[in-house]
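One structure below.
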Amino acid sequence: MSETRNAIQDIWGPRTPYHGTWPLREDERVTATPDHWVQSACVLCSNGCGLDIGVKHGRIVGVRGRANDRVNHGRLGPKGLHGWEANHSPDRLTKPLIRRNGQLEEVSWEEAMRLIVERSQELIRQHTASAIGFYTSGQLFIEEYYTLGVLGKAGLGTPHMDGNTRLCTATAGAALKISFGTDGQPGSYNDLNTTEAVLLVGHNMASQQTVLWTRILDRLAGPNPPQLVVIDPRRTYTAEKATLHLAPRAGTNLAVLNGLINLLIEADQIDHEFIKAHTVGFAELRQTVEKWTPERVEHLTGVPADKLLAAARILGTSKTLVSTALQGVYQSMQATAAAVQINNIHLIRGLIGTPGNAILQMNGQPTSQNTRECGADGDLPGFRNWDNPDHMEELARLWNVHPDKIPHWAPPTHAMQIWRYCETGSIKLLWIQATNPAVSMPELARIRRILQQKDLLVVVQDAFLTETAKLADVVLPTAIWGEKTGTFTNTDRTVHISYQAINPPGEARADFDIFLDYARRMDFRDKDGQPLIKWSTPEEAFEAWKACSKGRPCDYSGLSYEKLTGGSGIQWPCNEQHPDGAEHLYTDHQFNTHADYCETYGYDLVTGAEKQPEEYKANDPKGKAIILAADYEPPHEEPDAEYPLWFTTGRVVYHFHTRTKTGRARALQEAAPAGFVQLSAEDAARHGIAEGDLVTVESRRGKVTEPARIGDIEPGLVFMPFHYGYWDHDEHDKRAANELTLTEWDPISKQPHFKYAAVRIRKA
Ligand SMILES: Nc1nc2c(c(=O)[nH]1)N[C@H]1C(S)=C(S)[C@@H](COP(=O)(O)OP(=O)(O)OC[C@H]3O[C@@H](n4cnc5c(=O)[nH]c(N)nc54)[C@H](O)[C@@H]3O)O[C@H]1N2
Ligand SMILES: Nc1nc2c(c(=O)[nH]1)N[C@H]1C(S)=C(S)[C@@H](COP(=O)(O)OP(=O)(O)OC[C@H]3O[C@@H](n4cnc5c(=O)[nH]c(N)nc54)[C@H](O)[C@@H]3O)O[C@H]1N2
Ligand code: SF4
Ligand SMILES: [Mo]
């Protein structure tokens, strides 16, 4: 056993003040000396740190950061250094399972696949392919999503395919599309090296992207440190380092952001020339934010007027700015409307497309960018527009099918609606891959009920017998990271290759091979009677995806497995014009809003109503960015006499989601073995609760009991991490935060609201 640091105690590692270059720091943790190293990247958050997997006698024995990678320069965080232990957990699934007489029994792959294929064919005969739904992930590889996207859209022709990315980064995609015409992050992580100010909204970067945070820590320790504005109702690790921490009431982001924009306009700290030459919609923004005076913002959000003024001064006077948003925005009220206001701050200040300026509408999951790019969520591959007949024809040509085969008569079904269709019985086969909705979806009692519905065949494709798999009718055991080859893309568009290092256990198979097997057995054909899916290896699938992405913003055509091997990850677009990738999009301030190129014709930000193509074309922004304003609306559920407290949920640094991996890595699980209820000293005192006392938290939908953790949170607000399901716990003792959350979603991105609900508490 050797490690370059104990990352459990020392989360971020030693400071090396930033003076213009990144000193080498090759973080490593191995339990034995590897016989060889295999190139990969970390899949335990969206940062996508480059790493090598150490292998000895066919087992993973550790990892080390890749010093030459542009993302992390060798650095790794606690999850990256420890998470791989889950690969060798003794409770990995090794055989397919089918439910018989109420019990899951081991069967052969032949039997399991035959059951899925026979049911699919029967449903298509009786009801059309619309009786089949896919709920996929933000944790597979490009090659897998693309294969899935093609077989779902051009093979089956079902509109019901989305990912858990709906819970994660649907709002990031929506906000980028609305402002700039298509998805795609305008800036880069490297902008943090020089920026004068950083705005983090609802994003606990110190905990959730620990390696990215070390860049900020090193800037703070160096000359010319950036000013840091953090907007979060809790005093997080991130907020602790802030120049200015604004702690608004849950669900009020839009009021705070409108207040900030109002102050920027009032102080005339805006770029009139840029606004005129490169944007549309400014007048309406000015009108909408006008009434959000600091006093009004303070009254509604609890953010003191002088703090708002101070924050606006930072945002208005710094010559460069990096802004990020994450779940405190995306999973809260008016998610897309608020995320778009962050884009608007950059647009009215003209801070985009140049070094030091970045908007990071953050991703969360390691490969959620690719779910969106490949159209395995409610999007079409290559950021194409389902409402644009030319885009549909392009896809049909690529896949050699008739355009009408590809569902596009309405927007693709979003995940919340897919679950609703399962509930009402119109979807009769739900195929779940690499996600654990029995812990991660809101309102778990409802989700368990749906999963157990008699006329719904539930297929779960996972490496572990999760809470969801336990309720499935068919369980397919899969290979995971390290056991299969593929590529994926992080938040700042950096594409990495991850090679297979070891064999999967038992009969577990790569998701890629399962999809190919299904496509073969279903005998999907193109227009000429040839097999629809013309690839059989990940590299061939990558080549097919390159062709599909060519000419679109996420252009991969200049990449190859060979080019991705040996050095650093590479950013898209990578093509003839940008042979080594591009740090910034929109360097010429021409945005992707042309009617024939854009991914959406837009929405009303408050109601979510979709705009008609004719309406968009009549006012074609032709490359100008779109400034869209929105006024504040109150949350769907607010505290009242019965449930007097706000409830919010999120993460801790040591665990990833439902802990299927981090709960099986010894040091991570020991560092955070159980859930907790975080509440303010005032609320604790009022209820006679002391640190560590068991607290019962109850909403209209359920109740859970966990120990109290007091402090670092606004009075009136209760926080729980959502990591703790019951796979390693008493089955009957339901303890997940999502027992309490509500089934509501953003009108535009359709992302569910995990960040507010009304609850009451008592000492248990
Ligand atoms: N350690 C760890 N890292 C992870 C993950 C993990 O599970 N564990 N998951 C990855 C994934 S998939 C994701 S999506 C990201 C998520 O990363 P984050 O978004 O940073 O994580 P959260 O803790 O869900 O939420 C962030 C903050 O939102 C705040 N918040 C709650 N309500 C509001 C509100 O109304 N307004 C504002 N401004 N803030 C609010 C919470 O207090 C919380 O600190 O992390 C990624 N990285
Ligand atoms: N209350 C509350 N709920 C939330 C959130 C919140 O902040 N608060 N955040 C939401 C967000 S942002 C997210 S991203 C979701 C995450 O929620 P989930 O997606 O449910 O979380 P994971 O635990 O990452 O589940 C991934 C599953 O995929 C399996 N897996 C890993 N690799 C592979 C693979 O290669 N192939 C296959 N087939 N399986 C694999 C793992 O074993 C695991 O069971 O939770 C959401 N739910
Ligand atoms: S920051 Fe994210 S990608 Fe990097 S090592 Fe940590 S978990 Fe892995
Ligand atoms: Mo996420």
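Taking the criterion of being part of a loop (DSSP other than H, G, I, E, B) and among the β-branched types (V, I, T), the residues of segment 565-606 that qualify are T565, T587, T593, T600, V606.
Taken together, G13, G74, G62 contain a single residue that is assigned to a strand (DSSP E or B) and away from ligand 2 (no atom under 16 Å from the Cβ), which is G62. When A129, A172 are screened for being more than 16 Å from ligand 1 (Cβ to nearest atom) and at negative phi, only A129 passes.
The condition (being modelled with pLDDT of 95 or more, under 24 Å from D511 (Cβ atoms), within 16 Å of ligand 2 (Cβ to nearest atom) and not assigned by TED's automatic domain parsing to the domain that holds D517) is satisfied by just one residue among L140, L93, L148: L93. Only residues that are closer than 17 Å to Q500 by Cα and more than 10 Å from ligand 3 (Cβ to nearest atom) were counted across segment 60-87, and they come to 9. Inside segment 191-218, residues that are under 21 Å from S368 (Cα atoms) and out of contact with any helix residue (DSSP H, G or I) (no Cβ under 8 Å at 6 or more places or on another chain) make up a count of 2.
Any chance segment 33-45 includes a residue that's crowded, with 16+ Cβ neighbours inside 10 Å and in contact with a Cys (Cβ under 9 Å, 6 or more places away or on another chain)? Please lay out each step first, then the result.
So the first thing to find is which residues in segment 33-45 are crowded, with 16+ Cβ neighbours inside 10 Å, and the list is 34, 37-45.
Still in the running and in contact with a Cys (Cβ under 9 Å, 6 or more places away or on another chain): 41-42.
Yes, some residue in segment 33-45 is crowded, with 16+ Cβ neighbours inside 10 Å and in contact with a Cys (Cβ under 9 Å, 6 or more places away or on another chain).
Filtered by the rule that a residue be β-branched (V, I, T), within 10 Å of ligand 1 (Cβ to nearest atom) and in a strand (DSSP E or B), segment 630-685 gives T648, T649.
Among the residues that make up segment 205-215, is at least one of them closer than 20 Å to Q341 by Cβ and either within 12 Å of ligand 1 (Cβ to nearest atom) or of a type outside the set (G, A, S) (or both)? Can you show your working first?
Initially, segment 205-215 is screened for residues closer than 20 Å to Q341 by Cβ, giving 205.
When the remaining residues are screened for being either within 12 Å of ligand 1 (Cβ to nearest atom) or of a type outside the set (G, A, S) (or both), the result is 205.
The answer is yes, given that some residue of segment 205-215 is closer than 20 Å to Q341 by Cβ and either within 12 Å of ligand 1 (Cβ to nearest atom) or of a type outside the set (G, A, S) (or both).
The residue that is nearest to the chain's Cα centre (by Cα), among those in segment 375-398 that are buried (at least 22 other Cβ atoms within 10 Å of the Cβ) and farther than 21 Å from I178 by Cβ, is A376. So A629 fits all but one of (1) surrounded by 23 or more Cβ atoms within 10 Å (Cβ to Cβ); (2) touching an Asp or Glu at 6+ places or on another chain (Cβ under 9 Å); what number is the exception? Evaluating A629 over (1) surrounded by 23 or more Cβ atoms within 10 Å (Cβ to Cβ); (2) touching an Asp or Glu at 6+ places or on another chain (Cβ under 9 Å) leaves (1) as the failure.
Contact map, segment 356-380: residues that are touching a residue at least 60 places away in the same chain (Cβ under 8 Å) and of a type in the set (A, V, I, L, M, F, W, C) paired with residues that are outside any strand (DSSP E or B) and within 13 Å of ligand 4 (Cβ to nearest atom), Cβ distance under 8 Å, separation 6+ or inter-chain. Pairs shown: L360/T491; M362/S46; M362/T169; M362/A172; M362/H203; M362/Q209; M362/L326; M362/T491.
Checking the condition out of contact with any strand residue (DSSP E or B) (no Cβ under 6 Å at 6 or more places or on another chain), within 11 Å of ligand 2 (Cβ to nearest atom) and aromatic (F, W, Y), which residue from F656, F719 passes?
On the way: F719 fails: out of contact with any strand residue (DSSP E or B) (no Cβ under 6 Å at 6 or more places or on another chain).
F656 is the lone residue from the list that is out of contact with any strand residue (DSSP E or B) (no Cβ under 6 Å at 6 or more places or on another chain), within 11 Å of ligand 2 (Cβ to nearest atom) and aromatic (F, W, Y).
Note on segment 148-207: among residues that are within 30 Å of M522 (Cα to Cα) and in a strand (DSSP E or B), the one that is farthest from ligand 4 (Cβ to nearest atom) is M161.
Summed over segment 214-231, residues that are surrounded by fewer than 24 Cβ atoms within 10 Å (Cβ to Cβ) and closer than 22 Å to G711 by Cβ total 1.
Candidates G133, G102, G157: the one that is farther than 15 Å from L476 by Cα and either surrounded by 24 or more Cβ atoms within 10 Å (Cβ to Cβ) or not small (G, A, S) (or both) is G133. Of the set (1) within 18 Å of Q227 (Cβ to Cβ); (2) within 16 Å of ligand 3 (Cβ to nearest atom), all apply to I314 but (2).
Of all the listed residues (E599, E540, E562), the sole one being of a type in the set (D, E), surrounded by 21 or more Cβ atoms within 10 Å (Cβ to Cβ) and not assigned by TED's automatic domain parsing to the domain that holds T743 is E599.
Residues in segment 317-334 that are outside any loop (DSSP other than H, G, I, E, B) and either β-branched (V, I, T) or at pLDDT below 95 (or both): 4 in all.
Return the residues of segment 268-279 that are assigned to a helix (DSSP H, G or I) and either touching a strand residue (DSSP E or B) at 6+ places or on another chain (Cβ under 9 Å) or outside the structural domain of V256 (by TED's automatic domain parsing) (or both); say none if nothing qualifies.
Once the filter is applied, which keeps residues that are assigned to a helix (DSSP H, G or I) and either touching a strand residue (DSSP E or B) at 6+ places or on another chain (Cβ under 9 Å) or outside the structural domain of V256 (by TED's automatic domain parsing) (or both), segment 268-279 yields only H278.
Name every residue in segment 719-744 that is more than 25 Å from P644 (Cβ to Cβ) and surrounded by fewer than 24 Cβ atoms within 10 Å (Cβ to Cβ), in order of residue number. Write out each step before concluding.
Keep residues of segment 719-744 that are more than 25 Å from P644 (Cβ to Cβ), which gives 723, 725-733.
Answer for segment 719-744, where residues must be more than 25 Å from P644 (Cβ to Cβ) and surrounded by fewer than 24 Cβ atoms within 10 Å (Cβ to Cβ): Y726, W727, D728, H729, D730, E731, H732, D733.
Residue pairs whose Cβ atoms lie under 9 Å apart, separated by 6 or more positions or on different chains, with the first residue in segment 460-484 and within 17 Å of P366 (Cβ to Cβ) and in contact (Cβ under 8 Å) with a residue 40 or more places away in the chain and the second charged (D, E, K, R) and within 16 Å of ligand 3 (Cβ to nearest atom), are A463/K661; I480/K661; W481/K661. Taking every residue in segment 637-666 that is more than 16 Å from ligand 4 (Cβ to nearest atom) and pairing it with any residue that is among the aromatic types (F, W, Y) and assigned to a helix (DSSP H, G or I), at least 6 positions away or on another chain, the pairs with Cβ-Cβ distances below 8 Å are A665/W84.
Listed by first and then second residue, the pairs with beta-carbon distance under 9 Å, at least 6 apart or on different chains, first residue in segment 280-295 and under 14 Å from Y632 (Cα atoms) and in the same structural domain as G181 (by TED's automatic domain parsing), second small (G, A, S) and outside any helix (DSSP H, G or I), are L285/A629; Q287/A629; T288/A629; T288/A630; V289/A629.
For segment 125-146, a residue qualifies if it is farther than 11 Å from L429 by Cα and assigned to a helix (DSSP H, G or I), and the qualifying residues are R125, Q126, H127, I142, E143, E144, Y145, Y146.
The residues in segment 640-673 that are more than 22 Å from P437 (Cβ to Cβ), touching a Pro at 6+ places or on another chain (Cβ under 7 Å) and among the hydrophobic types (A, V, I, L, M, F, W, C) can be counted, and the count is 4.
I need the full set of residues from segment 515-535 which are touching an Asp or Glu at 6+ places or on another chain (Cβ under 9 Å) and surrounded by fewer than 16 Cβ atoms within 10 Å (Cβ to Cβ), in order please. Scanning segment 515-535 gives P531, K534.
Rundown of residues vs (1) crowded, with 22+ Cβ neighbours inside 10 Å; (2) touching a residue at least 12 places away in the same chain (Cβ under 8 Å), yes/no style:
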site: M416; (1), (2): no, yes
site: R420; (1), (2): no, no
site: I427; (1), (2): yes, yes
site: L430; (1), (2): yes, yes
site: I447; (1), (2): yes, yes
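Number of residues in segment 664-685 that are over 24 Å from the mean Cα position of the chain (by Cα) and farther than 21 Å from R235 by Cα equals 4. Counting the residues of segment 208-265 that are charged (D, E, K, R) and part of a helix (DSSP H, G or I) gives 4.
The values are calculated or read from the model by the stated rules, or taken from the named source; none is laboratory data. As the structure is a prediction and not an experimental result, all values here were calculated from the model. A quick note on method: Cβ atoms are made from the backbone with ideal geometry, for glycine too, and the neighbour counts reach across all protein chains shown.
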